[in-house]
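The values are calculated or read from the model by the stated rules, or taken from the named source; none is laboratory data. All of these numbers come straight from a predicted model, not from anything done at the bench. Here Cβ is always computed from backbone atoms with ideal geometry, including for glycine, and neighbour counts include all displayed protein chains. Just the protein is used for accessible areas: all its heavy atoms, side chains included, with ligands, DNA and RNA removed. Shrake-Rupley method; radii C 1.70, N 1.55, O 1.52, S 1.80 Å.
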Amino acid sequence: MERKQVRRLALSALLVAVMLMLGYVESLIPTGIPGVKLGLSNSVLILAICWLGIPAAFALMFAKILLSAFLFSGVGAMLYALAGGLLSLTAMCLLCRGGRFGLVATAVAGAVLHNVGQVAAAMLILRTDGLVWYMGVLMLVGLAMGFVTGTVAQILDKRIPKSLIPR
């Protein structure tokens, strides 16, 4: 294996570990709103898009969802995480790719669409449209937390030396 490939693999493993740790920490933080999580690992996923590219970001998202399901949340939650993650990451990749949107706007869109994906999955699985009203609450949380995670990603992207990022 080339040195560059080893560095990319090591960074990928580190990013998955950080996402898992952040996911566990946020599961310990009571939000007071059922089903609402802070989405802290979203900032890491945005950095993965920038640093490692789109295919690697999708691989990291799948690894995080799979490992989180087995370690923390159970396999049942995996469908909701996958629905939210796919919609969110797809949107973030499209926004990052064009380069016209900053990391904060990208994170906000990702957070909001993650909630949309999860509610859509819940509506399909539970066969009810009664969850649509809950979307308003989730949109507000998504806007706020997307701003926070995007700001964190922006600060980290500026402060972490580019020499540490395998390109």
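Close contacts from the range 62-87, counting a first residue that is within 16 Å of Ser41 (Cα to Cα) and a second that is part of a helix (DSSP H, G or I) and of a type in the set (Phe, Trp, Tyr), with Cβ to Cβ under 7 Å and a gap of 6+ residues or different chains, come to Phe72/Tyr24. Within the range 141-167, the set of residues being over 17 Å from the mean Cα position of the chain (by Cα), surrounded by 14 or more Cβ atoms within 10 Å (Cβ to Cβ) and of a type in the set (A, V, I, L, M) comprises Ile165 only.
Taking first residues from the range 90-113 that are under 12 Å from Gly146 (Cβ atoms) and partners that are open to solvent by 50 Å² or more (accessible area, probe 1.4 Å) and of a type in the set (Phe, Trp, Tyr), the Cβ contacts under 9 Å between residues at least 6 apart in sequence or on separate chains come to Leu95/Phe101; Val104/Phe147; Ala107/Phe147; Val108/Phe147; Ala109/Phe101; Ala111/Phe147. Take Phe101 and decide whether it is modelled with pLDDT under 90, within 28 Å of Gly136 (Cβ to Cβ) and part of a helix (DSSP H, G or I). Taking the combined requirement at face value, the residue does not satisfy it. Please verify whether Gly32 is among the small types (Gly, Ala, Ser) and in contact with a Gly (Cβ under 6 Å, 6 or more places away or on another chain), treating the condition exactly as stated. In short, no. All of (1) modelled with pLDDT under 85; (2) part of a helix (DSSP H, G or I); (3) of a type outside the set (Val, Ile, Thr) hold for Phe147 with one exception: (1). Per the conditions (1) under 27 Å from Arg7 (Cα atoms); (2) open to solvent by 30 Å² or more (accessible area, probe 1.4 Å); (3) assigned to a helix (DSSP H, G or I); (4) modelled with pLDDT under 95, the sole criterion not satisfied by Phe62 is (4).
For first residues located in the range 134-157 and over 15 Å from Met92 (Cα atoms), partners that are surrounded by fewer than 14 Cβ atoms within 10 Å (Cβ to Cβ) and lie 6+ apart or on another chain with Cβ distances below 9 Å form the pairs Tyr134/Pro34; Val137/Ile33; Leu138/Ile33; Val141/Thr31; Val141/Ile33.
All of (1) without any contact (Cβ under 8 Å) to a residue 40 or more places away in the chain; (2) at negative phi hold for Gly32 with one exception: (2).
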